Amino acid sequence: GAVVSQHPSWVICKSGTSVKIECRSLDFQATTMFWYRQFPKQSLMLMATSNEGSKATYEQGVEKDKFLINHASLTLSTLTVTSAHPEDSSFYICSASVGHGGTDTQYFGPGTRLTVL
Amino acid sequence: QKEVEQNSGPLSVPEGAIASLNCTYSDRGSQSFFWYRQYSGKSPELIMFIYSNGDKEDGRFTAQLNKASQYVSLLIRDSQPSDSATYLCAVKGTQGGKLIFGQGTELSVKP
């Protein structure tokens with residue numbers, strides 16, 4: 001149980017284009033999903049918390065107009081990188097939360113590797 | 001002071017030995033503690049979680065939590081080369097369900 005998928009697993013795009021990444025919880029409903037970014041040899045950096053039916057909460061320094069998050073259902077959250085530039089090239093990973101209160105646990109998707117040319 | 005601190009390593013142990021990974025955290029209100037394993041180029045995979053003081057065992061893995069000392073550790077018994085990965089300590093504090101990650105400890109198990 002607690003399987004999270006992401007699509008696509010990798011994407012290459014030209015500078016200035018937008019890229020949408022999907023995150024799905026396959027065998028459970030996730031009220032809350034999280035989006036992370038990870039650069040080589042660095043730890044995970046939380047970008048935003050996505051709650052079903054409401055606006056995402058972005059971490060300090062993350063541009064909400066550049067990284068659009070939509071959590072339209074209990075099993076799907078999307079991250080759109082708008083007007084991507086080479087510095088946005090990174091490993092984007094989502095996670096979905098299972099459980100409630102202090103005992104909820106995050107399970108991660110397999111990640112999406114974005115390369116912006 | 002970082003919120004969650006781990007030794008970055010690399011930690012090198014011979015096959016069959018016990019690997020000990022340590023983590024300290026600063027938020028005394030933290031409720032839940034997690035260990036994730038991340039292979040190079042892959043996403044994190046949950047190994048264990050622990051909520052209460054003491055030890056929790058799952059197969060070759062044992063998590064230890066000491067809230068008074070704000071310390072959590074992961075022991076891997078009978079280490080295998082396939083255990084070679086980066087181990088991330090994550091702490092759920094008092095800020096809206098977010099996990100705070102340490103920088104990870106790279107473990108290398110030598111055959």
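Overview of values
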| read-out | value |
| --- | --- |
| Any pair with Cβ under 9 angstrom, 6 or more apart, that starts in region A:11-38 at a residue that is closer than 22 Å to A:Y58 by Cβ and ends at one that is surrounded by 12 or more Cβ atoms within 10 Å (Cβ to Cβ) and among the acidic types (D, E) | A:V19/A:D88; A:A30/A:E52; A:T31/A:E52; A:T32/A:E52; A:T32/A:D104; A:M33/A:E52; A:R37/A:D88 |
| Boolean, B:E45 is facing chain A (nearest Cβ under 9 Å), under 14 Å from the mean Cα position of the chain (by Cα) and open to solvent by 30 Å² or more (accessible area, probe 1.4 Å) | yes |
| Region B:83-98, residues that are surrounded by fewer than 23 Cβ atoms within 10 Å (Cβ to Cβ) and either farther than 25 Å from B:N66 by Cα or among the aliphatic types (A, V, I, L, M) (or both) | B:S84, B:A85 |
| Residues (open to solvent by 30 Å² or more (accessible area, probe 1.4 Å), closer than 19 Å to B:Q6 by Cα, within 14 Å of chain A (Cβ to nearest Cβ) and assigned to a strand (DSSP E or B)) located in region B:48-82 | B:F49 |
| Residue list for region B:12-21, filter: surrounded by fewer than 17 Cβ atoms within 10 Å (Cβ to Cβ) and on the phi < 0 side of the Ramachandran plot | B:S12, B:P14, B:E15, B:A17, B:I18, B:S20 |
| Residue list for region A:75-117, filter: open to solvent by 40 Å² or more (accessible area, probe 1.4 Å), in contact (Cβ under 8 Å) with a residue 60 or more places away in the chain and facing chain B (nearest Cβ under 7 Å) | A:Y107, A:P110 |
| Top-ranked residue in region A:12-58 [being closer than 30 Å to B:S8 by Cβ and over 13 Å from the mean Cα position of the chain (by Cα); ranked as modelled with the highest pLDDT] | A:F39 |
| Residue under evaluation B:T24, criteria (1) within 11 Å of the chain's Cα centre (by Cα); (2) under 22 Å from A:A96 (Cα atoms), criterion not met | (2) |
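The values are calculated or read from the model by the stated rules, or taken from the named source; none is laboratory data. No experiment lies behind these values; they were computed from the predicted model shown. Neighbour counts run over all protein chains shown; Cβ positions are idealised from the backbone, glycine included. Heads up: the accessible areas ignore ligands, DNA and RNA and are worked out on the full protein's heavy atoms, side chains in. Shrake-Rupley method; radii C 1.70, N 1.55, O 1.52, S 1.80 Å.
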